[in-house]
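First comes the structure, then the notes that go with it.
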Amino acid sequence: DQQVKQNSPSLSVQEGRISILNCDYTNSMFDYFLWYKKYPAEGPTFLISISSIKDKNEDGRFTVFLNKSAKHLSLHIVPSQPGDSAVYFCAPYTSGTYKYIFGTGTRLKVLA
Amino acid sequence: GEEVAQTPKHLVRGEGQKAKLYCAPIKGHSYVFWYQQVLKNEFKFLISFQNENVFDETGMPKERFSAKCLPNSPCSLEIQATKLEDSAVYFCASSHWVGEQPQHFGDGTRLSIL
């Protein structure tokens, strides 16, 4: 029972263009959504988050959009840089629990 | 410290042997989480702690897996009678709070069961 799906296992984007990573979920109880970036042989690092009471959060080149009715969120990276090449995970959280459910991940490759 | 420290980086065990992994959370962080990454991308939640108290252990295979976070000691994850399917990278994360508060991850321990 996969509650969080990132349907694109991989994505290639040209440097300078926009990268859009998607995440779909089934559990309507999620009320925080975090994005992490992971390089090989390292642990994930936090990128950006959004609360379910918002529909957009922006931090520099990174913007996350949340569509609660569609149970869908997306991460936009503009402009994409080669250093952004990594695996990206969305990780929702439900208040009152003490666990995050990680998505299946999307491998982003930014081509120079 | 300012980083989550996981030891060892790599652990090799024969099937049926015991494996013990350690995690030193960031100083001041009350919450500790363990995850298992079996396939390259799939993270499975195992257990969470607030200080030394278990908060959620719904991801733990209870027969063989156990975990502790004791005061003034690194947290530990122990697997008894290891099986081939336990081969994975085990990540530990800590945070000051939960919710929108990000977790800080260690670099993982790669467990290889032969």
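The values are calculated or read from the model by the stated rules, or taken from the named source; none is laboratory data. Everything numeric here is computed off the predicted structure, so don't read it as measured data. Positions of Cβ are backbone-derived with ideal geometry, glycine not excepted, and every protein chain shown enters the neighbour counts. For the accessible areas, the whole protein counts, side chains as well, though only heavy atoms, and no ligand, DNA or RNA atoms are used. Shrake-Rupley method; radii C 1.70, N 1.55, O 1.52, S 1.80 Å.
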**OP:** Being among the hydroxyl-bearing types (Ser, Thr, Tyr) and part of a loop (DSSP other than H, G, I, E, B) is the filter here, so list the residues in segment A:68-106 that pass it.
**Re:** A:69, A:80, A:85, A:94, A:95, A:97, A:98, A:104
**OP:** Determine which member of the set A:74, A:69 is farther than 24 Å from residue B:106 by Cα, of a type in the set (Ser, Thr, Tyr), open to solvent by less than 20 Å² (accessible area, probe 1.4 Å) and more than 9 Å from chain B (Cβ to nearest Cβ).
**Re:** A:74
Original post:
Taking segment A:27-63 on its own, how many of its residues are of a type in the set (A, V, I, L, M, F, W, C), within 28 Å of residue B:6 (Cβ to Cβ) and in contact (Cβ under 8 Å) with a residue 12 or more places away in the chain?
Top reply: 8
Original post:
How many residues does segment B:1-58 hold that are open to solvent by 70 Å² or more (accessible area, probe 1.4 Å), modelled with pLDDT of 90 or more and under 20 Å from residue A:37 (Cβ atoms)?
Top reply: 2
Original post:
Take the residues of segment B:75-114 that are open to solvent by less than 80 Å² (accessible area, probe 1.4 Å), more than 13 Å from chain A (Cβ to nearest Cβ) and without any contact (Cβ under 8 Å) to a residue 60 or more places away in the chain: which is farthest from residue B:15 (Cα to Cα)?
Top reply: B:75
Subject >> Among (1) more than 10 Å from chain B (Cβ to nearest Cβ); (2) of a type in the set (A, V, I, L, M, F, W, C); (3) buried (at least 17 other Cβ atoms within 10 Å of the Cβ); (4) under 19 Å from residue A:82 (Cα atoms) - the single one residue A:47 does not satisfy >> reply: (1)
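Residue by residue, here is whether (1) more than 11 Å from residue B:33 (Cα to Cα); (2) more than 12 Å from the chain's Cα centre (by Cα) holds:
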site: B:65; (1), (2): yes, no
site: B:82; (1), (2): yes, yes
site: B:92; (1), (2): no, no
site: B:98; (1), (2): no, yes
Original post:
Under the condition of being surrounded by 15 or more Cβ atoms within 10 Å (Cβ to Cβ) and in contact with an Asp or Glu (Cβ under 6 Å, 6 or more places away or on another chain), which residue from segment B:59-74 is farthest from residue A:6 (Cα to Cα)?
Top reply: B:69
